[in-house]
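None of the figures in this text is laboratory data; all of them are computed from the coordinates on show. Keep in mind that what you see is a predicted model, and the values were worked out from it rather than measured. Cβ placement follows ideal geometry from the backbone for every residue including glycine, while neighbour counts extend to all protein chains displayed.
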Amino acid sequence: MDERFNKEFEQLALPLLDPLYNFACWLSGDPDEANDLVQETFVKALRAFPSFRIGTNFRAWMYRILRNTFLTSRTGLERRNTSQQDEEGYDDAVVSHDTPELALMRQADTELVRAAIAQLSPVFQEVLLLADIEEMKYQEVADTLAIPIGTVMSRLARARKQIREHIVNGLGKK
């Protein structure tokens, strides 16, 4: 592969490193596996980059490679057949100048949202994470998941409804 392809790939791909890692963490539930998934995604994408059509959505292309890599992994296949029980391994490493009380309330809210996302089925989780967490447009989500845009919108609406219900029920138990 010539140097021009490498430079062009690097310019397009490096800004996606952190968002792809975040998505891989959500998919796999394991930071180490997420690192492996992102690394494998970059290797596959670099190999396939000469066939990438300039002018199409590179970000959606990279997310699709990541998702397909996850789905063909042992964990991805297992996850499709089981439900995720918890979301351990997501440390809050953000430095904050909040009061301890405010920090505790924010952490509780974050944990409630994470638990709500974790209880979603994988098809709803993917759409919600891509649209709301990764801030993709509906068409990008549709391209990434290879589903119609109408399916994206209906899954997103159902996922958001389930999240709201989970949070309301979680707050009602306190």
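Residue exposure proxy: Phe49, Phe23, Phe70, Phe5, ordered by other Cβ atoms within 10 angstrom of their Cβ from fewest to most, comes out as Phe5, Phe49, Phe70, Phe23.
Ordering Ile54, Ile147 by the number of other Cβ atoms within 10 Å of each residue's own Cβ, fewest first, gives Ile54, Ile147. With K and R counted +1 and D and E -1, the other residues having a Cβ less than 14 Å from that of Glu134 yield a net charge of -2. For Leu14, the shell of other residues with beta-carbons less than 14 Å away shows a net charge of -1, using +1 for Lys and Arg and -1 for Asp and Glu.
Panel order for Val168, Val113, Val127, Val152, by other beta carbons found within 10 Å of each beta carbon, from fewest to most: Val168, Val113, Val152, Val127.
Electrostatic tally near Tyr63: other residues with Cβ closer than 15 Å to its Cβ, Lys and Arg +1, Asp and Glu -1, net -3. Among Phe42, Gly55, Gly29, which residue has its Cα positioned farthest towards the positive end of the charge dipole of the stretch 1-82, with +1 placed on the Cβ of Lys and Arg, -1 on the Cβ of Asp and Glu, and the dipole taken about the Cα centre? The Cα lying farthest towards the positive end belongs to Gly55.
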